[in-house]
């Protein structure tokens, strides 16, 4: 089958690599998405082990679409809706993109819904109900100029929501973005990992889950379980394999997070506990400047305030100066990775970067910057 995965911007090639490693083929990265082909077993497997994707969509049809009429006719003839969507099943329609005549997503979604419902009424004199919260099927339409692509969404919620983080700070880093950024560092668990301002603990939790290959959302109900061609036995087999995958990592190095704010620190403690990783992660409710660690190498992460959503830009200058001075004084020989959303502040580190990778964090254009501390 043909699949499309939605990706954080800047992480497309890392998601493509992940999908290939999990069994996908003809994998092609695009802007904010990855297209690929896979069999049923791979479809089920990637939902347990993809750490970077937001969502997966199964492409079922595409057609030329200029306006309301060609949209209606294209949807109606594009797929075997009567087999896949009997009238006693619920659905909803999601729309992305637009063209010259179809620029309002709500109106476009209504046309898709009408095309399917009219077909049902014509055949059975009955129709499916719309469910926004718990549908049996989510139909996704993407418009790109005059091309319409119809897909079936595989899950209701975005896959970045792992379930371990009911508590988060004011500007939380999305779990899949954190995981993708960690892939870039190539941290393998054998060197110490420090987060100077760990917030709700997302970097640290994703780092351990990644190294231990912990399956994600294993108890989730997926929309593909409602599909006509769902292979239940194969799905349960892949699920059992994922649950039994137990990578022992006896040599896992120190993983430490510092968080000066008591309320945010308590949130991080709760999240680490819910993730089942308290034995691996050492959290400190303290200023990072009090950190002392007599080791010659390791990896340090930091996602400090940018002055965009949190913190006053002028006041943050001093913070960035302190980070740079602290690292140069205490961690020579270590790697430092900084998520920066404000290049004016970054220069106050007074450190020379070796890599700058463009990424988007919640709509803020950022750089994931690597420094070799001298």
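Can you give the angle from 0 to 90° between the axis of helix 12-21 and the longest principal axis of the chain, with both taken from C-alpha atoms, to the nearest 10? That helix lies at roughly 80 degrees to the long axis. Restricting attention to region 242-374, close to 65% of DSSP beta bridges with both partner residues there are antiparallel.
Once you reduce region 214-285 and region 312-360 to the center of their Cα atoms, the two points are 30 Å from each other. If you run the Gaussian network model on the chain, springs between alpha carbon atoms under 10 Å, then out of 45, 55, 347 the most flexible one is 347.
Computed from Cα atoms, the angle from the helix 105-124 axis to the main principal axis of the chain rounds to 40 degrees. DSSP assigns beta bridges within the chain; of those with both partners inside it, close to 65 percent run antiparallel.
If one puts a single equal scatterer on every Cα of region 249-374 and applies the Debye formula without solvent, what log₁₀ I(q)/I(0) results at q = 0.09, 0.21 Å⁻¹? With one equal scatterer per Cα and no solvent, log10 I(q)/I(0) is -0.28, -1.42. Shown here: Rg/Rh (Cα atoms, Kirkwood Rh), derived from the displayed model; of the candidates (i) 0.93; (ii) 1.03; (iii) 0.97, it corresponds to (ii).
The angle between the Cα long axis of helix 262-274 and the main principal axis of the chain comes to about 60°, on a 0 to 90 degree scale.
Rule-based calculations on the coordinates, nothing more; no lab input. As the structure is a computational prediction, the values presented were derived from the model and not from experiment.
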